[in-house]
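What follows is a short report on a single structure.
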Amino acid sequence: MKSAFGLIAGAALFAAPAGAKAPTGEDHRDANCYVALSLFAASPRHGAPLSAEQRQALDAGSNYFLGKLKGRSPDLDLATVMTPVIIRDVLANLPAQLDSCIPETDALEVTANRAIDLIQAGLQP
C-alpha cells in the first residue's frame, strides 16, 4: 500500500510543468529535514525557549539541507517537495523526522569544526 507521502509526491510529479525535473527521494528527504528543523526552531516542542546558540545551530542545519537540495536540483520547484500536506505530515511526525536528520547534522558539525581548525591553523605564523 502506498503511503500518503508517496501519493502526494506522485501527484506533484504529474502537476509539474513540462520539462521540470521530478523530485528524487533525496530531494524529498532533504526538503523534509529543512522543514523539520525550521519548524522546530520556530516552535520547540519541549516548552523551554531556545537559546541563541540553539537557534543558530538549527538555522545552520536547515540551511544546510536547503543548500544540498538546491545544489543537487537547482531547477526543482520547491512546491513539489514542500506542499501543505507534506509540511503538515512533517509537523505531525516531527520527533521521527528530526531523528532521521540528526546523524547528518552531527556529521556536518564534525566537518565544520575540522574546517575551522584547518583555517585557524593556516592563519598561524
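Quick check on packing: order 62-69, 82-89, 110-117 by the mean number of other C-beta atoms within 10 Å, highest mean leading.
The densest-packed peptide leads the list: 62-69, 82-89, 110-117.
How do Glu104, Glu109 rank when sorted from fewest to most other Cβ atoms within 10 Å of their own Cβ? Don't skip to the end; give the middle numbers.
On the way: Glu104 16, Glu109 13.
Listing Glu104, Glu109 from fewest to most nearby Cβ atoms yields Glu109, Glu104.
For region 74-125 and region 46-69, write down the distance between their C-alpha centroids in whole Å.
8 Å
If neighbour count is taken as other Cβ atoms inside 10 Å, put Glu53, Glu26 in order from fewest to most.
Glu53, Glu26
Is region 22-120 rounded, prolate or oblate when judged by the Cα gyration tensor, a ≥ b ≥ c being the square roots of its eigenvalues, rounded requiring a/c under 1.5 and prolate requiring a/b larger than b/c?
oblate
With θ set to phi - 60° and the Karplus curve 6.51 cos²θ - 1.76 cosθ + 1.60, what are the ³J(HN,Hα) couplings of region 103-112 in order, to the nearest whole Hz, using x for Gly and Pro?
Whole-Hz 3J(HN,Hα) from phi for region 103-112: x, 6, 5, 5, 5, 4, 4, 4, 5, 5.
Each reported figure results from applying straightforward, stated rules to the coordinates on display, with no laboratory input. The structure presented is a predicted model; accordingly, all values stated were derived computationally and were not measured. When we count neighbours, we look across all protein chains shown, and the Cβ atoms used for this are built from the backbone with ideal geometry, even at glycine.
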